[in-house]
Amino acid sequence: MADKGLIGTNGKVVDSDRIDEFQAAFGGQVILRGASDYDTARRIWNHSVDKKPGMIARCSGTADVIAAVNFARENGVLVSVRGGGHNVGGRAVCDDGLVIDLSGMRGIHVDAKNRTARVQPGVTLGELDRENHIHGLAVPAGVVSKTGIAGLTLGGGVGWLIRKHGMTCDNVLSFEVVTADGEFVTASSEENTDLYWALRGGGGNFGVVTSFEFRVHPISTVLGGMILYSADQATDVLRFFGNFIEQAPDELTAYAGFIHTPDGDPVFAVIPCYSGDLTEGASVLAPLREFGDPMLDAIGPMPFPAMQSLLDGAFPDGNHNYWKSAFLPELSEAAIATLVEHAQKITSPMSALIVEYYGGAASRVGNTETAFAHRKAQYSIGILTQWTEAEDAQPHIDWTRGVSDALRPFASDAYLLNFLDAEGDDVIRAAFGENYPRLVEVKNKYDPSNFFRVNHNIIPTVS
């Protein structure tokens, strides 16, 4: 018999008869402490997170989500919501409470004629790309195929198509949502418009999204890949990169970063993706490819799903991760020098210091048009630290914090929600920017008791 150690927020163990009743009516799989697959089920991508929930409810559909929400609310149980991919902060799981696991809800329906796609929350970007690609279509979403579409979208969503087609959240036509009171609602530009606004960048604060309806775009083959330079060229290349990408057409998204080769050698990389006419793209990329003395130029036409999976190997399951981020309004000489200096002190060959430039279509949306508030942010710096052994954590954490502290004089008081690790309320509020007060109003309406709080939490002001 499995240990039914599901503990309510009052500190009392939930009665086993109630758990049995819930389990008997549940359509998916209920996993309790002591079950043979419990440890596998509770583990997430970031092994720095080691939480032990009292129950994991793997939902088979929306009815299961409603049942799980109602059960947790009626029994005073803490809830976390798990999608299909990875989140560095570990908010998909919780200690002692109930994990509403959506990873089995992986349905995708592409309407090629109307250029829309209906997607369930357990879907990864790679799965979505695969279904869209047979129609020559794509959703603007992310840069790693193992990312879950749900968390990415709710946090805003940046990726290879951001400058041409905007953020992922800009391409959502509607959401289907289970709210804290167990009600099933649709949020769109015509229904529950306040919720529709909040879900586009407001995180998992307002309910469990059981499906997303996306606008899709005619994207099939892109011009992309990677250019590698020796580490001693980083300053010159990064300076050139900033000038180059700020003048580039919307069809080009390009990121740069301090990474390592598979042999552990430090290098500087520029990774472009051109989503327009390939002949024009070759002309646009020519100055970049001709600059400096590259060790490797692996730019060429490729299917969009191949571009989307180009960086998958850099983010394997099972590593320990600790991330921070910053927005820089400009890539000044002092900021470049700071990045280069700290890249030289990097503590793990699996870590990366990434420079992303946005602008384009994403920046032409107003800061208050969706919940994602940082539309005018130029450069996003990702400090993405990974290592393998738990006992080695402190030097890597110290390096990450050191980079973050050193960048503060150049940074705006803003953060990319999806790059946040475990942070305090002040950082989370800054990530929502000027939209935080309005988000509190929506939270007050749809989740006044803060039932959904294992997230980048927006704290309600009513009870």
- Task: Confirm whether THR368 is open to solvent by 10 Å² or more (accessible area, probe 1.4 Å), of a type outside the set (D, E, K, R), in a loop (DSSP other than H, G, I, E, B) and farther than 28 Å from GLY204 by Cβ.
- Result: no
- Task: Residue by residue through segment 50-66, note down the ones that are open to solvent by 20 Å² or more (accessible area, probe 1.4 Å) and either β-branched (Val, Ile, Thr) or farther than 21 Å from VAL119 by Cα (or both).
- Result: ASP50, LYS51, LYS52, THR62, ILE66
- Query: When you go through ALA343, ALA335 one by one, which is the residue that is in contact with a helix residue (DSSP H, G or I) (Cβ under 6 Å, 6 or more places away or on another chain) and open to solvent by less than 30 Å² (accessible area, probe 1.4 Å)?
  - Reply: ALA335
- Item | Flag if PHE432 is assigned to a loop (DSSP other than H, G, I, E, B), surrounded by 21 or more Cβ atoms within 10 Å (Cβ to Cβ) and of a type outside the set (Val, Ile, Thr) | no
- Query: Restricting attention to segment 346-365, which residues are of a type outside the set (A, V, I, L, M), open to solvent by 30 Å² or more (accessible area, probe 1.4 Å) and farther than 19 Å from LEU416 by Cβ?
  - Reply: THR347, PRO349
- Message: Of the residues ARG375, ARG408, ARG453, ARG438, only one is surrounded by 14 or more Cβ atoms within 10 Å (Cβ to Cβ), in a helix (DSSP H, G or I) and basic (Lys, Arg); which?
- Response: ARG438
- Which of the residues belonging to segment 85-125 are open to solvent by 20 Å² or more (accessible area, probe 1.4 Å) and farther than 17 Å from GLU213 by Cα? GLY85, HIS86, ASN87, ARG91, ASP95, ASP96, SER103, GLY104
- Could you please tell me which pairs satisfy a Cβ distance under 7 Å, a separation of 6+ or placement on different chains, a first residue in segment 224-235 that is in contact (Cβ under 8 Å) with a residue 12 or more places away in the chain, and a second residue that is open to solvent by 30 Å² or more (accessible area, probe 1.4 Å) and charged (D, E, K, R)? ILE227/ARG289; ILE227/ASP297; GLN233/ASP293
- Task: Among the residues of segment 64-94, write down those that are under 16 Å from GLY54 (Cβ atoms), out of contact with any Pro (no Cβ under 8 Å at 6 or more places or on another chain) and polar (S, T, N, Q).
- Result: ASN75
- Task: Output the qualifying pairs, or none if there are none: Cβ atoms under 9 angstrom, residues six or more apart or on different chains, first residue in segment 335-349 and within 13 Å of THR400 (Cα to Cα), second residue open to solvent by 80 Å² or more (accessible area, probe 1.4 Å) and assigned to a loop (DSSP other than H, G, I, E, B).
- Result: none
- Message: at pLDDT 95 or above, crowded, with 16+ Cβ neighbours inside 10 Å and either out of contact with any strand residue (DSSP E or B) (no Cβ under 7 Å at 6 or more places or on another chain) or at negative phi (or both): is that true of PRO218 in this structure?
- Response: no
- Note on the structure: When segment 423-452 is checked residue by residue, the ones that are in contact with a Phe, Trp or Tyr (Cβ under 9 Å, 6 or more places away or on another chain) and within 24 Å of VAL99 (Cβ to Cβ) are GLU423, ILE428, ALA431, LYS443, TYR446, ASP447, PHE452
- A careful count of residues in segment 94-118 that are under 13 Å from GLY151 (Cβ atoms) and of a type in the set (Val, Ile, Thr) gives 0
- Item | From the options PHE419, PHE410, PHE372, residue that is hydrophobic (A, V, I, L, M, F, W, C), within 16 Å of the chain's Cα centre (by Cα) and under 23 Å from PHE241 (Cβ atoms) | PHE419
- Query: For GLU21, all conditions in the list (1) under 25 Å from the mean Cα position of the chain (by Cα); (2) charged (D, E, K, R); (3) modelled with pLDDT of 95 or more hold save one; what is the number of the exception?
  - Reply: (1)
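Scan GLY142, GLY207, GLY201 and give me the residue that is crowded, with 24+ Cβ neighbours inside 10 Å and modelled with pLDDT under 95.
Numbers: GLY207 fails: modelled with pLDDT under 95; GLY201 fails: modelled with pLDDT under 95.
Going through GLY142, GLY207, GLY201 in turn, just one is crowded, with 24+ Cβ neighbours inside 10 Å and modelled with pLDDT under 95: GLY142.
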- Does LYS164 count as in contact (Cβ under 8 Å) with a residue 24 or more places away in the chain, within 17 Å of the chain's Cα centre (by Cα) and surrounded by fewer than 24 Cβ atoms within 10 Å (Cβ to Cβ)? no
- Message: Residue under question is ILE19, and the condition is that it be in a strand (DSSP E or B) and open to solvent by less than 20 Å² (accessible area, probe 1.4 Å); does it hold?
- Response: no
- Got a number for residues in segment 72-81 being touching a Lys or Arg at 6+ places or on another chain (Cβ under 9 Å) and over 13 Å from THR179 (Cα atoms)? 5
- Check off (1) of a type in the set (Gly, Ala, Ser); (2) out of contact with any Cys (no Cβ under 9 Å at 6 or more places or on another chain); (3) open to solvent by 20 Å² or more (accessible area, probe 1.4 Å) for GLY8 and give me the number that stays unchecked. (3)
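Quick one: is ALA361 in contact with an Asp or Glu (Cβ under 8 Å, 6 or more places away or on another chain), assigned to a helix (DSSP H, G or I), under 25 Å from LEU339 (Cβ atoms) and in contact (Cβ under 8 Å) with a residue 12 or more places away in the chain?
Taking the combined requirement at face value, the residue does not satisfy it.
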- Message: Among the residues of segment 230-240, are any closer than 25 Å to PRO305 by Cα and crowded, with 18+ Cβ neighbours inside 10 Å?
- Response: no
- Message: For segment 270-327, which positions are in a loop (DSSP other than H, G, I, E, B) and loosely packed, with under 14 Cβ neighbours inside 10 Å?
- Response: ASP277, ASP293, ALA298, PRO316, ASP317, GLY318
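The values are calculated or read from the model by the stated rules, or taken from the named source; none is laboratory data. For clarity, every value in this text was computed on a predicted model and none was experimentally measured. Counting neighbours? That spans all protein chains shown, and the Cβs are built from the backbone with ideal geometry, glycine included. Heavy atoms of the whole protein, side chains included, go into the accessibility calculation; ligands, DNA and RNA do not. Shrake-Rupley method; radii C 1.70, N 1.55, O 1.52, S 1.80 Å.
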